[in-house]
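Chemist: Let me give you the structure first, and then I'll get to my questions.
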Amino acid sequence: MILRSVQAADVKAILSLDVSYATDWVWQMEQKVSGSEIATYFRTTRLPRPLKVDPATDWAAVTDNWQERDLFIVATEGDHILGYLDLTADRKHNIGWIDHVAVAPVRRRTGIGSALVAEARAWSKRRKLGSLMAETQTKNYPAIRFLQKYGFTFCGFNDRLYPQRDIVVFFSFNLD
């Protein structure tokens, strides 16, 4: 496997990657209000049946303005794109935002996602960014576990960010 910068010829292959996922688990949010206190809890909950989630309708926008991304890398083997990661550097807040990480389904859990995130960490450190951030939906339990496995910690949520009203959770990784 080779990691390299994305090229124009890669765009079609990136769009053909199956970025759907299936899960038996989700993070379920519960909120309690008591006087002036608000407590929010996330608990791992097993679903009654597997949930298959297809990509969001705006997923194809990942390749819009691909040349303007601060970091856009692909994992390749021969002529095949196995996965990709794109990142936007927010220099004002000293954060690298991982916008997307995707790996072809048949190659998931083989270290490709790990290699992509490791490269994003190294790239961000070289640019003296203080942390990396990533977001996902509470129903994307595979992504939540992946981020936690690689040292990202939960740092917030927004239940009004996505038009379909999915709850988004944010994870951070300190680079210092």
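Chemist: Among the residues of segment 76-97, which ones are in contact with a strand residue (DSSP E or B) (Cβ under 7 Å, 6 or more places away or on another chain) and closer than 14 Å to LEU15 by Cα?
Modeler: Once the filter is applied, which keeps residues that are in contact with a strand residue (DSSP E or B) (Cβ under 7 Å, 6 or more places away or on another chain) and closer than 14 Å to LEU15 by Cα, segment 76-97 yields ILE81, LEU82, GLY83, TYR84, LEU85, ASP86.
Chemist: Output yes when any residue across segment 124-147 is in contact with a strand residue (DSSP E or B) (Cβ under 7 Å, 6 or more places away or on another chain), within 16 Å of ILE95 (Cβ to Cβ) and of a type in the set (Val, Ile, Thr), and no when none is.
Modeler: Scanning segment 124-147 turns up no residue that is in contact with a strand residue (DSSP E or B) (Cβ under 7 Å, 6 or more places away or on another chain), within 16 Å of ILE95 (Cβ to Cβ) and of a type in the set (Val, Ile, Thr).
Chemist: Before we move on, is VAL103 surrounded by 13 or more Cβ atoms within 10 Å (Cβ to Cβ) and in contact with a His (Cβ under 6 Å, 6 or more places away or on another chain)? Don't jump to the end; show me each part of the working.
Modeler: Details: surrounded by 13 or more Cβ atoms within 10 Å (Cβ to Cβ): yes; in contact with a His (Cβ under 6 Å, 6 or more places away or on another chain): no.
Taking the combined requirement at face value, the residue does not satisfy it.
Chemist: What are the pairs, 6+ residues apart or on separate chains, where a residue within segment 131-142 that is under 16 Å from ILE98 (Cα atoms) and in contact (Cβ under 8 Å) with a residue 12 or more places away in the chain has its Cβ under 8 Å from a residue that is buried (at least 21 other Cβ atoms within 10 Å of the Cβ) and among the polar types (S, T, N, Q)?
Modeler: These pairs meet every condition: LEU132/SER124.
Chemist: The conditions are (1) free of Cβ contacts under 8 Å to residues at least 24 places away in the same chain; (2) over 25 Å from ASN158 (Cβ atoms); (3) within 21 Å of the chain's Cα centre (by Cα), and PRO48 fails exactly one of them. Which is it?
Modeler: (3)
Chemist: Quick one: which of ILE14, ILE2 is β-branched (Val, Ile, Thr), closer than 21 Å to LEU82 by Cβ, at pLDDT 95 or above and surrounded by 10 or more Cβ atoms within 10 Å (Cβ to Cβ)? First the steps, then the outcome.
Modeler: Details: ILE14 fails: at pLDDT 95 or above.
Unique residue meeting the criteria: ILE2.
Chemist: Within segment 53-119, considering only strands (runs of 3 or more DSSP E) that don't extend past its boundaries, which have at least 1 residues that are within 25 Å of GLN164 (Cβ to Cβ)?
Modeler: Per the criteria, 80-90, 95-103.
Chemist: So, in segment 14-49, of the ones that are in a strand (DSSP E or B) and among the small types (Gly, Ala, Ser), which residue ends up nearest to VAL101 (Cα to Cα)? Lay out the reasoning, then the answer.
Modeler: Going through segment 14-49, the residues in a strand (DSSP E or B) turn out to be 21-34, 37-49.
In the following step, the residues that additionally are among the small types (Gly, Ala, Ser) were identified as 22, 34, 39.
Details: ALA22: 16, SER34: 39, ALA39: 31 Å.
Going through the qualifying residues, I end up with ALA22.
Chemist: Can you say whether LEU116 is surrounded by 15 or more Cβ atoms within 10 Å (Cβ to Cβ) and in contact with a Phe, Trp or Tyr (Cβ under 6 Å, 6 or more places away or on another chain), as far as the supplied structure shows? Give the steps one after another, and end with the answer.
Modeler: Details: surrounded by 15 or more Cβ atoms within 10 Å (Cβ to Cβ): yes; in contact with a Phe, Trp or Tyr (Cβ under 6 Å, 6 or more places away or on another chain): no.
Here the answer is no, as LEU116 does not meet what is asked.
Chemist: So, one more: Suppose we keep only residues that are free of Cβ contacts under 8 Å to residues at least 40 places away in the same chain and of a type in the set (A, V, I, L, M, F, W, C) within segment 57-86. Which one would you say is farthest from PHE146 (Cα to Cα)?
Modeler: ALA61
Chemist: As an exercise: evaluate ARG43 against (1) modelled with pLDDT of 95 or more; (2) of a type in the set (D, E, K, R); (3) surrounded by 10 or more Cβ atoms within 10 Å (Cβ to Cβ) and give the number of the one condition it does not meet.
Modeler: With (1) modelled with pLDDT of 95 or more; (2) of a type in the set (D, E, K, R); (3) surrounded by 10 or more Cβ atoms within 10 Å (Cβ to Cβ) applied to ARG43, the lone miss is (3).
The values are calculated or read from the model by the stated rules, or taken from the named source; none is laboratory data. Quick caveat: nothing in here was measured; it's all calculated off a predicted structure. With ideal geometry, Cβ positions are generated from the backbone for all residues, glycine too; neighbour counts draw on all protein chains shown.
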